[in-house]
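The values are calculated or read from the model by the stated rules, or taken from the named source; none is laboratory data. Bear in mind that the values here come from a model prediction, so they are computed numbers and not experimental data. For neighbour counting, all protein chains shown are included, and Cβ atoms are generated from backbone atoms with ideal geometry for every residue, glycine included.
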Amino acid sequence: MHSSRPDFLTYGAAALVVAFSFASPACTQSVQQQAPSKPTAAAAPKHDLSGVWQLKGTGGAESFAPEQDMPPMTPWAKAKFDAAKPGYGSRAAPGGNDPILQCDPIGIPRVMLMPTPYEFVHTAGRVLQFFEREHEWRSIWMDGRSLPKDPDPTWYGYAVGRWEGDTTLVVESTGFTDRTWITPTGYPHSEAMRVTERYQRVDRDTILYSITVTDPMAYSKPISGPERIMKLKPGAEIDELPCVWSDENEFAKRIREPAASQPAK
């Protein structure tokens, strides 16, 4: 005969289930309250891009705009493009004639998409931009002057800047020599090229960078690249990294040209 006594173990277990069912939300809420939250990035300072910055990219040289976004070229530009023999990428060929293979300055916009840092330094009336690549630099004039109407062509052009709001530096540049390429794959430009850059410092550690190239002598319409991320490198210093012809030539013969002669997979 079975005893008619209540099964205290069964009742006890049931009571625990009920208790935990009511306690679970409170416990979960307590755990969520105790979980550490992600630190909020410090706010961007006003009218200040000082520091060493680097593209958050693939780790290699990049193009400022995808090939599929490049507009139709003029006959003048197409002839120059067809004559280009890049040392890298899908069009790489032995005996490449990329100007940088001869240690010519890389220029704007290519230098901005290299896996090497650059530094902003603010001075009276201008912002200086130092590039580790080639150990080059340029002035961005901030004293209200206009771009010259007929500047002498130079590798890095003539640049003026202005603040848009508290944290966005807009840079307009012109006066570029046509001896540089605007992409690693050989897209050319003329001396009529004009470049517009936007450096939007969204917080202390991050710049959103965008660039537009306008060159009616070479392209049917302006070319705008996708927005890129530049990250601050606290404590970093710009190293000396000039282009040394003897080193560049040895590297080309030992690595670049043999690689370019291999059929694309």
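Restricting attention to the stretch 192-232, report how many residues are closer than 20 Å to Ala43 by Cα and in a strand (DSSP E or B).
So the answer is 15.
Out of all the residues in the stretch 80-95, which are surrounded by fewer than 20 Cβ atoms within 10 Å (Cβ to Cβ), of a type outside the set (A, V, I, L, M) and either within 11 Å of Pro184 (Cα to Cα) or modelled with pLDDT of 90 or more (or both)?
Residues satisfying the conditions are Lys80, Phe81, Asp82, Lys85, Tyr88, Gly89, Ser90, Arg91.
Please verify whether Trp181 is aromatic (Phe, Trp, Tyr) and buried (at least 21 other Cβ atoms within 10 Å of the Cβ), treating the condition exactly as stated.
When the stated conditions are applied, Trp181 passes them.
Could you pull out the residue among Glu67, Glu132, Glu136 that is under 22 Å from Glu227 (Cβ atoms) and of a type in the set (D, E, K, R)?
Glu67
Here are the criteria: (1) hydroxyl-bearing (Ser, Thr, Tyr); (2) outside any loop (DSSP other than H, G, I, E, B); (3) buried (at least 18 other Cβ atoms within 10 Å of the Cβ). Tell me which single one Tyr187 does not satisfy.
Among (1) hydroxyl-bearing (Ser, Thr, Tyr); (2) outside any loop (DSSP other than H, G, I, E, B); (3) buried (at least 18 other Cβ atoms within 10 Å of the Cβ), Tyr187 violates only (2).
Among the residues of the stretch 87-145, what is the count of those that are out of contact with any helix residue (DSSP H, G or I) (no Cβ under 9 Å at 6 or more places or on another chain) and in a loop (DSSP other than H, G, I, E, B)?
Adding up the residues that qualify gives 18.
Looking only at the stretch 113-131, decide whether some residue is surrounded by 14 or more Cβ atoms within 10 Å (Cβ to Cβ), among the aliphatic types (A, V, I, L, M) and free of Cβ contacts under 8 Å to residues at least 60 places away in the same chain.
yes
Residue by residue through the stretch 131-166, note down the ones that are among the acidic types (Asp, Glu) and closer than 23 Å to Pro99 by Cβ.
Glu132, Glu134, Glu136, Asp152 - these are the residues of the stretch 131-166 that are among the acidic types (Asp, Glu) and closer than 23 Å to Pro99 by Cβ.
Output the residues belonging to the stretch 164-188 that are without any contact (Cβ under 8 Å) to a residue 60 or more places away in the chain, closer than 30 Å to Phe81 by Cα and either touching a strand residue (DSSP E or B) at 6+ places or on another chain (Cβ under 6 Å) or of a type outside the set (Asp, Glu) (or both).
Hits for the stretch 164-188 are Val170, Val171, Glu172, Thr174, Gly175.
Name the single residue that is farthest from Ile108 (Cα to Cα) among those in the stretch 146-156 being under 26 Å from the mean Cα position of the chain (by Cα) and part of a loop (DSSP other than H, G, I, E, B).
For the stretch 146-156, the residue satisfying everything is Leu147.
Given the criterion in contact with a Ser or Thr (Cβ under 8 Å, 6 or more places away or on another chain) and surrounded by 11 or more Cβ atoms within 10 Å (Cβ to Cβ), identify the matching residue among Leu241, Leu208.
Leu241
Which one of these does Ser173 not meet: (1) at pLDDT 95 or above; (2) among the small types (Gly, Ala, Ser); (3) surrounded by fewer than 19 Cβ atoms within 10 Å (Cβ to Cβ)?
(3)
If you go through the stretch 64-86 one residue at a time, how many are of a type outside the set (D, E, K, R) and part of a helix (DSSP H, G or I)?
7
Return the residues of the stretch 97-135 that are over 15 Å from the mean Cα position of the chain (by Cα) and basic (Lys, Arg); say none if nothing qualifies.
Arg126
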